[in-house]
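Shown next, in structure tokens, is the structure this report addresses.
The values are calculated or read from the model by the stated rules, or taken from the named source; none is laboratory data. Since we're looking at a predicted model, the values are computed, not measured. Cβ atoms come from the backbone with ideal geometry, glycine included; neighbour counts cover every protein chain shown.
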Amino acid sequence: MKHKLLSFFVGSMILTSVAFAQEKKVSGRVTGADGKPLAGVTIAVQGSNVATQTDANGNYSLSVPTGKVIVFRSVGFADKTLIVKEGQSAFNVTLDNSDNALEEVVVTALGISKSSRGIGYSTSKVSGDDLVKSGEANIIQGLAAKASGVQITSSAGTPGASSKIVLRGAATFSGDNQPLIVVDGVPIDNDMNFVKAGDDPYNQNLAGVQLGNRALDINPDDIETVTILKGPAAAALYGQAAGNGAIIYTTKKGKLGSGLGVTFSSGFELQKVNKLPDLQNKYGQGTGGVFSSSTADSWGENLANVGKPSYNNVEDFFQNGSVFTNNLAITSGGDKTTMRFSVGSTNNKGIVPNSNFNRYTSRLSSETKLNDNITVGGNFSFTNSNTRAAQNGSNLAGVMLSLLRSPVDFNLADYKNEDGSQKQYFASYDNPYWSTENNPYKEENTRFLGNIYTDIRLNNTFSLSWKTGLDTYSTNGTQIYAIGSIGDDNNSGLGEIKRSNVNYKNVYSDLLLKFKHNISEDFSVSGLLGGNFNYTQALTNFARGRELSMPGYYNFASAKDLYASNSESYKNSRAIFLDATFDYRSILFLTLTGRNEWSTTFGRDSKGFFYPKADISYIFSDLFKESPIVSFGKIRLAYSNVGISPSVYSDRAYYTVPTIADGMTNGFSFPYLGQTGFAISSVAVAKSFKPERNVGYEAGLEMKFLQNRLGFDFTYYQQKSSDLLLSQPIDPTTGYANYYNNIGKIKNTGVELSVNGHIVKSENFNWNATVNWSKNNNEVYELAEGVEKLSIGSAFSSPQSYAIVGQPFGVIYAQKFQRNDQGQVLIDPNSGLPLYEAELGSVGSTIPKWLMNFNNEFSYKNLSFSFLWDFRKGGKIWGGTNANLINRGKAEITADRERNYVVDGVYASGTNAGKQNTTEIPATTYFRNYLGNSSSEIAIQDGSWARLRSVDLSYRFNKVSKAIQYIQVGLNLRNPILITKYKGIDPETSLTGSNQNFTGYDFFNNPGTKSYSFNLRVGF
């Protein structure tokens, strides 16, 4: 046996030596058709795992056995193959390119890749590298300022906070206005896992913590490309799920012939608060110039006069945050099989003490060609994340409320007594240091995403594709209010514990029969016929224990008052669809799409609904191919009619547990005094209602000039949403208060413009620039008869958000000053203060007038530099924080208080009616009753900004050694510059997070951040 093993070993060595003897080192340079070097071209030995890539100058070298075939491959270029013959060692290769828009591939609905040449609607494409460079952990926030027609709002700068995305404005009153999120062709859930107690009648998004949207579970480093389908035409194949558009994420995969590759990246990010309100440090706690601990206000004594020290409570409270990211990816690609496996971690310590977010991801993708006709593959990912979130908003245990209101003569940092109880400057507020330590909200989430698929080529005309995907996760949240905290529901200080659980599952499957047939030399038709099935279930559980008996023992056994509630929802939909593209000489394209869908959200006996779409693409530049100026020109026209589904179980009136709110207490509900109770809903439902419809019209023009050095893409669109579901007041003698039916209408009209240019294009130096500009006009143009305004979310008594005919959706209503015909404020001659209208009125729209971003990318040899400016014009924000700080004597402006003021306006009545007001009022009256009236229009501010959103500098070292292909080091700045007139924190904020249809509220929101990061990437 030993002799056999020895013979085998010797023979193997001999054969190996012969093989190596036949290998030779080949090298060369790869260029494009224009003679410029091409970087990143893959050169692979066919039938093996041997491969390399060209460097920044297009150079390469690798060892190849004589007689073997080497393949040159790069995205956007035709593959080229060469045979290594005896005596050959140098290959300088020119790849035929498609360096124009004609052959660019875009991933569209259902994960179908199409040539952009034949697409008749607007799409935007963002690279995965741009997501990573943004420095954002959230793949939604990473899209900010990357495309036209896209508005993204971050709720806060705290770890794990949510981000909201809206495409081309709001299209529904009561449904979700965010687009569908799709990963590798399978829709995924992007909700916030907010579980509300069954006996709670209030909107808890105004307080509590900022939860994350579930797209946060996706690792940006795993994303290859993102396609933004902004209009209903682009997303028509998804039907009712994509009435607000769709975001298509395609993950990274191995490439055929690429061989084995390993990539490791690591980064460290330092975070700081980027903007805080300006506060005075001259006056201390009290009223009327006298110290008093019975108030939280700072109208007390002048500290310098009494020799008291002042403390910088606000700036001293925040710490430097940090983010550590690590990612490892292994890829392989042979002749028939590809694979990519990745693991990643993100560890974020927040700017608020004791806040953090940790995410651990793994992803495996693989694809195999079983033969020339059958391909199978799959993608699987697992995410585990945990968050410790900071209290936020209108919350007595909240960070910003107690922190910003704190008097400068009280040292917040000295926050704990010897027995562990908190030191408070005011009995009704928790000390923020003590609260972040003792009132944690902890959340853990585990998520699995996966799909398997097969593609079968039946013949030269037909192929069959089948895909099944699963999205499932479990989220467990725990909110603790320690004994002594004022943050519990009853503000009693007796302690409280809340536990919630969400179990979500979505199963998606589609079957597509694809076809492509040349009818004649000039005509061809391609497309697909298919169907899909989608099943969703969401199970939630909530449990609460109040009046805890033992400090530090957070178990329901320690609670005297127990409550529990749960909910279940199940939904399934199925559809059949046809998408056909007619092609005339690759110049004129007509695509017709039809989808018929059935969904349980319309009731047990509902009929299916049909959604049509048509688009045309005309490549007129082919009429003058020899033009030295015009390189490419395309006209687009599109029409679509898609649906928006109602929420589950809204098809009938159910018996529910009633809750009664009085605005002063936590409300009343059943069980009450040991008695259960149910009542029929107060809303009657139409016997058969329809899906909300979003009808879109779109026209676009794409042009490229001077051999594609300069180009633009212009789009005009009009989207009319009709049959919107809302509740219409009816005669209460019917037994109901409202009638739920298809009644409302809303319209979005806008333009989008993208201009790009290769300003400098040379062998060593390149400069590319892109400008995106968009404007959306939104108008509510029909509500139910008898309905003048429709509340779109429960907020404060003033301000509030409404849908009102003739005005933009979500307009803010608040107390308005009485004014004369010239617009001058009317002043009460007795008090010297403004007079107010009897009813709340419109004080502005939260929708920006326009959005713009300007991106520049420079490269010199292996050095790359880029920066991105982001501009927002208009969009009102309720600056409730600033107004409240003025009212309480904390804002910097209130330091000038030892004089009288005069409110600008004219007298409303009396002998001086119409004349300029000259009545002086004390500073406290001026600030508390005028500038500090947070319920009035004086608290509404302009949310415009100009921000340098990101700066990125990197250098790449190529061919470091035989094992190391490259090392790339980089520096990144995120939000280093913010220019705004908004008084308060960063105006990119939202008190209500991402799951509410109204925005523009700032009431002690947690602040945003800026950051500085260093990153390293190594390729093996």
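A few points about this structure:
- Taking segment 322-352 as the range and being surrounded by fewer than 17 Cβ atoms within 10 Å (Cβ to Cβ), part of a loop (DSSP other than H, G, I, E, B) and at pLDDT 95 or above as the test, no residue passes.
- Note on segment 290-308: residues that are without any contact (Cβ under 8 Å) to a residue 24 or more places away in the chain and assigned to a helix (DSSP H, G or I) total 3.
- Filter pass, residue 182 being modelled with pLDDT of 90 or more and either farther than 19 Å from residue 950 by Cα or in contact with a Pro (Cβ under 6 Å, 6 or more places away or on another chain) (or both): yes
- For residue 223: the one exception among (1) more than 17 Å from the chain's Cα centre (by Cα); (2) hydrophobic (A, V, I, L, M, F, W, C); (3) surrounded by 20 or more Cβ atoms within 10 Å (Cβ to Cβ); (4) within 23 Å of residue 1014 (Cα to Cα): (1)
- When we screen 539, 513, 470 for residues that are under 23 Å from residue 112 (Cα atoms) and either within 30 Å of the chain's Cα centre (by Cα) or at pLDDT below 95 (or both), the only hit is 470.
- Segment 461-472 residues that are outside any strand (DSSP E or B), paired with ones that are of a type outside the set (D, E, K, R) (beta carbon under 7 Å, 6 or more apart): 461/515; 461/517
- Restricting segment 922-965 to residues that are in contact with a Leu (Cβ under 7 Å, 6 or more places away or on another chain) and part of a strand (DSSP E or B), the residue that is nearest to residue 840 (Cα to Cα): 945
- Restricting attention to segment 588-620, the residues being of a type outside the set (D, E, K, R), out of contact with any Leu (no Cβ under 9 Å at 6 or more places or on another chain) and outside any strand (DSSP E or B) number 7.
- Screening 508, 504 for residues that are among the aromatic types (Phe, Trp, Tyr), in a strand (DSSP E or B) and farther than 25 Å from residue 210 by Cα leaves exactly one candidate, 508.
- Verdict on residue 634 being of a type outside the set (Asp, Glu), crowded, with 16+ Cβ neighbours inside 10 Å and over 23 Å from residue 736 (Cα atoms): yes
- Candidate set from segment 843-856 (those that are surrounded by fewer than 18 Cβ atoms within 10 Å (Cβ to Cβ) and not hydrophobic (A, V, I, L, M, F, W, C)); member that is nearest to residue 800 (Cα to Cα): 849
- Beta carbons closer than 7 Å, at least 6 apart along the sequence or on distinct chains, pair a first residue in segment 783-797 that is free of Cβ contacts under 8 Å to residues at least 40 places away in the same chain with a second that is among the polar types (S, T, N, Q) for 791/800.
- Selection status of residue 798, of a type in the set (Ser, Thr, Tyr), buried (at least 16 other Cβ atoms within 10 Å of the Cβ), within 23 Å of residue 697 (Cβ to Cβ) and in contact with a strand residue (DSSP E or B) (Cβ under 6 Å, 6 or more places away or on another chain): no
- Against the conditions (1) closer than 19 Å to residue 278 by Cα; (2) in contact (Cβ under 8 Å) with a residue 40 or more places away in the chain, residue 863 satisfies every one except (1).
- Residue within segment 698-707 that is part of a loop (DSSP other than H, G, I, E, B), surrounded by fewer than 17 Cβ atoms within 10 Å (Cβ to Cβ), touching a residue at least 60 places away in the same chain (Cβ under 8 Å) and not small (Gly, Ala, Ser) present: yes
- Given (1) closer than 25 Å to residue 943 by Cα; (2) touching a strand residue (DSSP E or B) at 6+ places or on another chain (Cβ under 6 Å); (3) modelled with pLDDT of 90 or more; (4) in the same structural domain as residue 966 (by TED's automatic domain parsing), number of the condition residue 857 does not satisfy: (1)
- If you go through segment 971-1009 and keep only what is aromatic (Phe, Trp, Tyr) and under 14 Å from residue 393 (Cα atoms), you end up with 1001, 1003, 1004.
- Any hit, segment 312-321, residues being modelled with pLDDT of 95 or more, within 30 Å of residue 1018 (Cα to Cα) and surrounded by fewer than 16 Cβ atoms within 10 Å (Cβ to Cβ): yes
- Segment 793-896 holds strands (runs of 3 or more DSSP E) entirely within its bounds, and those carrying 1 or more residues that are of a type outside the set (A, V, I, L, M, F, W, C) and under 25 Å from residue 753 (Cα atoms) map to 850-860, 863-873, 876-879.
- Taken over segment 607-631, the criterion of being crowded, with 18+ Cβ neighbours inside 10 Å and under 19 Å from residue 707 (Cα atoms) is satisfied by 619, 621, 631.
- Of all residues making up segment 509-553, the number that are loosely packed, with under 15 Cβ neighbours inside 10 Å, of a type outside the set (D, E, K, R) and over 30 Å from residue 451 (Cβ atoms): 8
- Condition broken by residue 305, with the remaining ones in (1) farther than 30 Å from residue 71 by Cβ; (2) crowded, with 18+ Cβ neighbours inside 10 Å satisfied: (2)
- Scanning segment 661-687 for residues that are modelled with pLDDT of 75 or more, part of a loop (DSSP other than H, G, I, E, B) and of a type in the set (Val, Ile, Thr) turns up just one, 676.
- Note on segment 894-936: among residues that are among the acidic types (Asp, Glu) and either modelled with pLDDT under 95 or over 46 Å from the mean Cα position of the chain (by Cα) (or both), the one that is surrounded by the most Cβ atoms within 10 Å (Cβ to Cβ) is 920.
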